[in-house]
Amino acid sequence: MGAAVRRAVRDGAAGFRLPPHAGWGIAFVLPAFLLLLIFRVYPILSAVAVSFTDYDLFSTPSFTGLSNYSQLATDPQFRQSLLASITYVVGVSIPTWGIALALALAFDERVPFRNLLRTGAFMPVVMTAVPVAVVWKFLFHPFGLVNVFLSRFGVDRINWLTDQSTAMPALIIVGIWRAVPYFMVIFLAGLQAIPRDYYEAASLDGASAVSKFRHITLPLLRRTSVLVIIMTVIVTMKAIMNPLIMTGGGPAGMTRVLPLLIYQTGFQYYRMGLASAMSVVMLLLVLLFTVWQLRLFREKT
Amino acid sequence: MRGSLRRSWPLPRVSATVFVVLFTAFALVPVAWMLSSSIKSQGEVFQLPIQWLPSRPAWLTYVQALGRYDFGRYIGNSLFVSAAITAMSVVLSSLAGYGLAKYRFPGRNLLFLLVLATMMLPLEVILVPMFLITKQLKWLNTYQGLIVPMAVEAFGIFLMRQYILGIPDTLIEAARIDGASEIAIFYRVILPLCKPVLATLAIFSFRESWDLFMWPLIILTKDDLKTLPLGIALFESAYQTAYNELMAVAAVSLIPVTLLFFLFQRAFIQGIALTGLKE
């Protein structure tokens, strides 16, 4: 009895003793995690808090309960913005997935001047976001290169960025242009991870190129594919530069995607509470995708 | 002859080549057009038929464009801010990655979960509260306000942790037996082994910070702190029709990242492939 108590006490004490060098471990992670807490975690929590208030940045915030959220529920501008975001996200991510995969497969063939071409194809990723927006705005100018090119095929001049039906497609083209090379690299890495002998074995069995693609490449790239889709969704959901510079959200709000609406609501109309409520909604959307991603990977492993 | 040509150029290879060439052209035309327009006079930019290489290159466009604003200042600010963010982020990520990978302490798993949870978080979503906290710190219109909130990246911590996990513990234990301090172990044993991933992280971090736009846009009002992307946007809204000069400014802003890319192409591409490891 006494021995058992002593053992329990000793085990308990051992449980409280820190592992060796634990202090150093904490010291190493501390600076980064302090910043992470102050500039990432706290802002998320505070966004939720501010979303329940009316706050113009100058006077003290006043608690208004769920009124920001109920306003969002009926706000046609918010609904239009949500729709614009979804259009942009779907419009960019699905073609990007297909083109990036096809391009990775093509580069995996013995293409001449492969390295040179790959470097060229990669240039959109090397370009930074503001110059991209500025250059494409010029390309989509009514007298710009895009219309000059199309006129050779007899297409009449299009006012790409000021016409309600073409502004969003124009932004989507730029989005695809920028995203494809990036995700091509991820697909190429995925392709290189597939053992060559799988293909050799399939060739010995007389499998055609198409069936090798369907039965080896596609299934083994599933993980990469899902990842690419989720990453493109998150990257395109937060895109703001092109609409901000190329269209300013217009014409008639057709390209006012969610991040742009949040920026305008918060920093042009100083409605921090409402902007925070929008942020929370967007945060939930991102979270939904992240959870979905984690579940998909957990199923696989 | 014909037979051998057919054998070395089977249909998949031909179609792959055509597709790759077409896409590369699509990828490069905007870049080429930017460069070509930047050495034209304003009257020439919309002239038809297109002259890709103007007969008399107007190199003065660059001088003229860069003289319109204090671009020297903007470029200096961008270089300083990007270098500071990169240095801080590399140091903080490698320290934290090492701590998470090789030490056991209470709360470690919770911290790692935090890294995973914030890794995919787009900054654009928390711009409003980040602005509010920076305002509380009285860091609006300061260099520290530009740098510190951007200097920690969950993905960097994750990347370093994954990489350092692969370094055998026996190396660390041997150094401990030799009497090395924990800091010396990090500095002399771990960091030299991390060189490739550190290069990747640094390039990635520099590219991201060189590109920062929304953050400086909302926290800066003072002109002498403005970074290059803000300068370009400023130029764009004031001289909308001076396309040749606008393209010159854009081209200049692309130099640092392009240089990094051509110098460290392998690490650059490796970095992107590594983002595919997020899980």
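Throughout, read-outs are computed from the coordinates displayed, never taken from laboratory work. Here the structure is a predicted model, which means the values were calculated and not measured. With ideal geometry, Cβ positions are generated from the backbone for all residues, glycine too; neighbour counts draw on all protein chains shown.
Tabulated results
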| read-out | value |
| --- | --- |
| Two-decimal Rg to Rh for the stretch B:92-176 - Kirkwood Rh, Cα set | 1.10 |
| Unsatisfied cross-links (Cα-Cα over 21 Å) in the set B:Lys102/B:Lys195; B:Lys135/B:Lys226; A:Lys238/B:Lys138; B:Lys138/B:Lys226; A:Lys137/B:Lys222; A:Lys238/B:Lys195 | A:Lys238/B:Lys138; A:Lys137/B:Lys222; A:Lys238/B:Lys195 |
| Coordinate range along principal axes, alpha carbons of the protein assembly as shown, Å, largest first | 99, 76, 48 |
| Under 20 Å from the Cα of A:Lys212 - aspartates and glutamates, other chains or at least 8 residues apart | A:Asp108, A:Glu109, A:Asp197, A:Glu200 |
| Extension gain from B:Lys195 to B:Val14, taking 0.36 nm per residue of separation minus the Cα-Cα distance | 61.2 nm |
| Neighbour cut-off at most 14 other Cβ (10 Å), DSSP loop, chymotrypsin sites (Phe, Trp or Tyr not before Pro), the stretch A:227-301 | A:Tyr269, A:Tyr270 |
| Length-normalised contact order for chain B - Cα pairs under 8 Å, 6+ apart - percent | 31 |
| The stretch B:241-253 - phi-based ³J(HN,Hα) in whole Hz, Karplus 6.51/-1.76/1.60, Gly and Pro as x | 9, 7, 4, 4, 5, 4, 5, 5, 4, 4, 4, 4, 5 |
| Within chain A, helix-based [θ] at 222 nm, where runs of 4 or more DSSP H residues each add -39,500 (n - 2.57), nearest 500 | -22000 deg cm²/dmol |
| Unit charges at the beta carbon, dipole of chain A: most positive-side option, A:Val130, A:Ile99, A:Ile194 | A:Ile194 |
| Relative intensity, log₁₀ I(q)/I(0), of chain A from a Debye sum that treats every alpha carbon as a point, q = 0.08, 0.12 Å⁻¹ | -0.55, -1.00 |
| Protection proxy ranking of B:203-211, B:160-168, B:29-37 - average other beta-carbon atoms within 10 Å, highest first | B:203-211, B:29-37, B:160-168 |
| Mean Cα-pair separation over length for the stretch B:114-224, i.e. relative contact order, pairs under 8 Å, 6 or more apart, % | 41 |
| Total formal charge among the other residues, if their Cβ is under 13 angstrom from that of B:Leu260, Lys/Arg +1 and Asp/Glu -1 | 0 |
| Coil-residue chymotrypsin sites (Phe, Trp or Tyr not before Pro) of the stretch A:22-93, DSSP, other Cβ within 10 Å capped at 11 | A:Phe58 |
| Percent RCO, i.e. relative contact order, over the stretch A:32-76, from Cα pairs under 8 Å lying at least 6 residues apart | 25 |
| Chain B: angle of helix B:108-119 to the longest principal axis, Cα-based, in degrees nearest 10 | 10 |
| Surrounding net charge for B:Glu208, when Lys and Arg each add one and Asp and Glu each subtract one, Cβ distance under 14 Å | -1 |
| Cα-based helix-to-principal-axis angle, B:228-238 vs chain B, degrees rounded to 10 | 30 |
| Shielding score for A:39-51, defined as the mean number of other chain Cβ atoms within 10 Å | 6 |
| Semi-axis lengths (Å, descending) of the ellipsoid that matches the C-alpha gyration tensor of the stretch B:55-144 | 40, 18, 14 |
| Projected label distance in nm at A:Leu220 and A:Ile86, using a 7 Å step from Cα toward the beta-carbon | 3.8 |
| Summed residue charge, Cβ within 13 Å of A:Asp75's Cβ, Lys/Arg positive, Asp/Glu negative | +3 |
| The protein assembly as shown - charge dipole about Cα centre, Lys and Arg +1 at Cβ, Asp and Glu -1, debye rounded to 20 | 1220 |
| At most 16 other Cβ within 10 Å, DSSP loop - trypsin sites (Lys or Arg not before Pro), the stretch A:121-169 | A:Arg152, A:Arg157 |
| Spherically averaged projected area in nm², based on the convex hull that wraps the Cα atoms of chain B | 22.8 |
| Integer Hz, Karplus 6.51/-1.76/1.60 couplings in order for the stretch B:92-106, x for Gly and Pro | 5, 5, 6, 4, 5, x, 5, x, 6, 7, 10, 10, 10, 8, x |
| Residues A:Ile229, B:Ile185 arranged by fewest to most Cβ contacts within 10 Å | A:Ile229, B:Ile185 |
